[in-house]
Each structure stands twice: as structure tokens, then as C-alpha cells.
Amino acid sequence: MIITAAPTRITEGPVSQTVNVSDEVSLQCAAVTDQYETLTVEWLRDGVPVNFRASTYLRLDDHDNSLIIASAAVLDTAQYTCRAGNGLDEVESPPAQLTVRGNTHQGGGAGPDLRGGKLGGWWRGTVVERRSLAGELSLSCARPAADG
């Protein structure tokens with residue numbers, strides 16, 4: 001008797017999209033595998049596996065294997081690929097380009113708001129938001145040249 005396992009397939013892969021800073025992003029990855037095997041899904045960012053444990057803003061949706069970015073940052077701009085497998089075989093989706101628009105914020109508002117990138121009236125300058133692959137947010141501030 002010959003037993004043939006059904007190959008792993010990605011039935012709905014991620015789609016390229018352009019979003020704004022702080023938007024929530026969902027990249028889809030619906031996959032199926034042989035009924036006797038366990039499906040595993042991994043996400044790649046520019047070819048490097050995404051480490052969900054090291055991030056506070058990235059998560060893998062256990063229901064549909066979507067990659068969720070809670071609050072997009074410009075540094076999330078990359079190509080994302082879904083890899084599905086079962087230990088016997090694996091398949092990758094075509095890469096999807098995620099582009100996040102907007103990386104500087106000008107003064108205004110009523111005090112620093114790190115999530116929204118707003119600066120209080122006491123500061124006039126530019127804030128640049130940066131996020132590491134591990135999800136650490138850093139801000140750098142540049143004071144404009146003195147009026148003279």
C-alpha cells in the first residue's frame with residue numbers, strides 16, 4: 001500500500017499594501033496541509049523570520065495565521081512572506097510589499113504623545129520615529145535652526 005500525503009498549499013497569501021504610521025495592519029496567510037500532519041506557519045520580513053516573542057506590537061493570529069502589526073511604523077516597510085509547512089514539505093507565498101507612509105511629525109498639540117508622534121507647544125522641531133525589529137520604539141528630536 002502506498003500512502004500519499006496531500007501537499008501543503010497557501011490558499012490566500014499576503015497582499016501588498018500602503019498604510020499610514022500607527023495604522024493596524026493585517027497580512028493574511030490561509031494555508032492547508034495533509035489531514036494527518038500538523039500545519040505550521042512562519043512569517044518572514046525581508047527573508048528573515050519574524051520573532052513574535054521579542055515584539056510587543058507584532059502578533060500571529062492563531063485563528064487564521066495572519067500577521068498583525070498593532071501600530072505600523074516606517075521601519076515596518078518591507079517585503080513579507082508567509083511560509084507554511086508540516087515537517088514533510090513547505091511552501092512560501094509570493095512576497096507582499098508593505099509600505100508605511102510618514103515618519104516625521106511637526107510641533108502642535110498639548111504635550112508629548114509618543115504613540116501619535118505629537119509634540120507639545122513648548123517644543124518646535126521634528127521628531128523621527130524609529131522601531132527596531134524587536135519592536136522597541138525610539139524617538140530622536142531635532143531643534144530647528146535659530147531664527148536670526
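Every number here is computed from the coordinates shown, using simple stated rules; none is lab data. This structure is a prediction, so every number in the text was calculated from the model and none was measured. In this analysis, Cβ positions are derived from the backbone assuming ideal geometry, glycine residues included, and neighbour counts consider all displayed protein chains.
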- Kirkwood Rh, Cα Rg: Rg to Rh for the stretch 9-100? 0.97
- PRE zone check, label point 7 Å out along Cα-to-Cβ of residue 38, amide N under 17 Å, scope the stretch 49-72, hits 62-63, 65
- Item | For the stretch 89-95, Karplus couplings with θ = phi - 60° (6.51, -1.76, 1.60), whole Hz, Gly/Pro x | 8, 8, 9, 10, 6, x, x
- Hey, can you grab everything whose amide H is under 5 Å from the amide H of residue 21? Only 5+ residues off in sequence or another chain; H modelled, so Pro and N-termini drop out. 101
- Message: Spelling out what I want: for every residue of the stretch 31-38, take phi, set θ = phi - 60°, compute 6.51 cos²θ - 1.76 cosθ + 1.60 (Karplus), and round to whole Hz; glycine and proline get x.
- Response: 9, 9, 9, 4, 4, 9, 10, 9
- Task: Quick one: what are the phi-derived ³J(HN,Hα) couplings along the stretch 72-85, Karplus 6.51/-1.76/1.60 with θ = phi - 60°, whole Hz, x for glycine and proline?
- Result: 5, 10, 4, 5, 7, 4, 5, 9, 10, 10, 9, 10, 10, x
- Log entry: pair-distance distribution for the stretch 48-91, C-alpha pairs binned every 10 Å from zero, whole % per bin is 22, 55, 20, 3
